[in-house]
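Let me begin by presenting the structure, written as structure tokens, before commenting on it.
The values are calculated or read from the model by the stated rules, or taken from the named source; none is laboratory data. These numbers come from a predicted model, not from an experiment. Positions of Cβ are generated from backbone atoms using ideal geometry, with glycine treated the same way; all protein chains shown enter the neighbour counts. The protein model used for the area step is the full one, side chains on, heavy atoms only, and it has no ligands, DNA or RNA in it. Shrake-Rupley method; radii C 1.70, N 1.55, O 1.52, S 1.80 Å.
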Amino acid sequence: MNLPLLLAQRFRRSREKTRYLSFISASSTIGIGLGCAILIVLLSVMNGFQKALEEDFLSLVPHVEYRAVRGSLRDWQEVVAVAEQHSGVRAAAPVIVLSAMIQQPGRFRGLELRAIEPDYEARVSGLRRYVSDTDWNHFKETPNGILLGQGMADLLNVGIGDDLVVMIPQLQNSGGLRAPRRLSTQVAGIFAMGGELDFQQGYIHLQTGREAARLDGDASAVRLALHNVYDAPHVAHEVARQINEYAYIHDWTRTEGHLYRDIQLVRTIMYLVLVLVLAVASFNIVSTLVMVVQEKKASIAILKTMGADHRLILHTFVWQGSLNGVIGALLGGVIGSLVALYLPAMLALLERQFAFSLLPNELYFVSQIPSELLLRDVVVVIGVAMLTSVLATLYPAWRAANMAPVDGLRGR
């Protein structure tokens with residue numbers, strides 16, 4: 001039998017406890033529970049954004065890209081072969097990156113045009129996931145076809161089969177500009193990834209891009225898809241040392257790394273808030289336990305006269321204060337986990353009910369609040385809540401343990 005725990009439970013159920021003490025005790029439990037639940041939900045949302053960054057946004061953004069310093073790569077097939085021998089590289093594909101403008105009567109729209117080889121591209125990017133089978137096959141069968149994002153297609157008011165004129169800037173050998181090259185294309189497919197990429201990128205065939213850019217070689221760059229996107233800087237430089245090309249080295253951490261850094265910064269702030277919120281909630285445990293010690297002076301004195309030692313009294317009040325934190329942390333963990341699991345569905349229901357969008361497609365790379373519950377976060381939050389609750393009990397419990405029996409019996 002755990003005597004300190006038994007005494008702590010008896011003290012909690014004691015009818016001598018005033019309503020005010022009951023309210024303070026309940027508020028401390030509720031405060032810790034709410035703090036745990038909210039923090040679990042927020043951390044799950046951060047996990048969801050990070051997963052969306054890895055699986056959705058970075059599926060279209062090159063993990064690593066080698067761009068020719070001038071003109072084209074001498075042998076992109078060799079670069080692909082060397083890159084794919086690296087253990088960190090999943091696949092490699094050639095690409096020509098062009099700055100272009102789509103011409104329509106009375107207006108121009110700028111975009112980054114990527115000339116790709118469809119069979120290679122399907123291995124290195126998630127573009128295929130955002131294009132229907134019909135549109136993808138139509139694009140493969142249309143030599144002058146172009147894939148546009150849904151956002152750009154809506155701005156231009158075009159659909160499958162419509163003709164577009166694309167303007168490609170041309171550089172002179174001296175470095176100056178000459179008349180742009182006009183490229184006649186046909187909308188062969190539309191991808192709907194969401195976010196800015198739907199307005200900024202388009203795809204044409206590699207051969208069409210080579211002719212438009214008037215390159216000597218077949219590709220101006222090679223892009224890599226990695227098994228672990230966070231190894232991009234390390235893998236980029238390792239592969240670069242093995243290829244025989246003069247090329248600029250690009251990786252996603254240099255171009256889109258701010259998104260990842262923002263997510264990690266918010267996550268760090270969340271852990272800091274976790275400690276602060278739970279510390280504030282634990283102050284209620286301190287105040288409650290101090291008042292309980294004052295109220296239980298006579299009981300403490302009687303226990304000591306019956307032979308209770310210093311450790312028994314100390315452990316009794318540590319248990320009594322900790323029970324508030326334990327109950328609050330466990331309830332908060334359960335509630336927070338349930339909310340985190342069903343948060344996307346609940347928010348989607350609210351968006352449909354009230355006809356609004358929390359994350360507009362044209363602004364963000366995800367269209368709804370993502371959430372991914374991790375056991376690690378739940379354990380950390382509950383563990384910190386319990387730890388702060390135990391620490392909050394130490395001073396009041398120490399005072400109770402050091403109380404002289406005569407003082408308790410005199411009511412001092």
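So here's what we get for this one:
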item: Helices (runs of 4 or more DSSP H) completely within the stretch 96-164 that count 2 or more residues being touching a strand residue (DSSP E or B) at 6+ places or on another chain (Cβ under 9 Å), under 25 Å from residue 67 (Cα atoms) and not hydrophobic (A, V, I, L, M, F, W, C); result: 118-124
item: Residue, farthest from the chain's Cα centre (by Cα), within the stretch 270-284, restricted to residues that are buried (at least 22 other Cβ atoms within 10 Å of the Cβ) and of a type in the set (A, V, I, L, M); result: 281
item: Qualifying residue in the stretch 88-99 (condition: in contact with a His (Cβ under 9 Å, 6 or more places away or on another chain) and of a type in the set (Lys, Arg)); result: yes
item: The stretch 93-130, subset open to solvent by less than 50 Å² (accessible area, probe 1.4 Å) and among the charged types (D, E, K, R), residue nearest to the chain's Cα centre (by Cα); result: 121
item: Odd one out for residue 229, checked against (1) in contact (Cβ under 8 Å) with a residue 40 or more places away in the chain; (2) touching a strand residue (DSSP E or B) at 6+ places or on another chain (Cβ under 8 Å); result: (2)
item: Residue in the stretch 192-203 that is modelled with pLDDT under 90, open to solvent by less than 20 Å² (accessible area, probe 1.4 Å) and among the acidic types (Asp, Glu) present; result: yes
item: Boolean, residue 81 is hydrophobic (A, V, I, L, M, F, W, C), in contact with a Lys or Arg (Cβ under 6 Å, 6 or more places away or on another chain) and surrounded by fewer than 23 Cβ atoms within 10 Å (Cβ to Cβ); result: no
item: Residue 90 being surrounded by fewer than 21 Cβ atoms within 10 Å (Cβ to Cβ), at pLDDT 90 or above and under 28 Å from residue 202 (Cα atoms); result: yes
item: Whichever residue in the stretch 45-76 is over 24 Å from residue 252 (Cβ atoms) and at pLDDT 80 or above and, among such residues, is least open to solvent (accessible area, probe 1.4 Å); result: 75
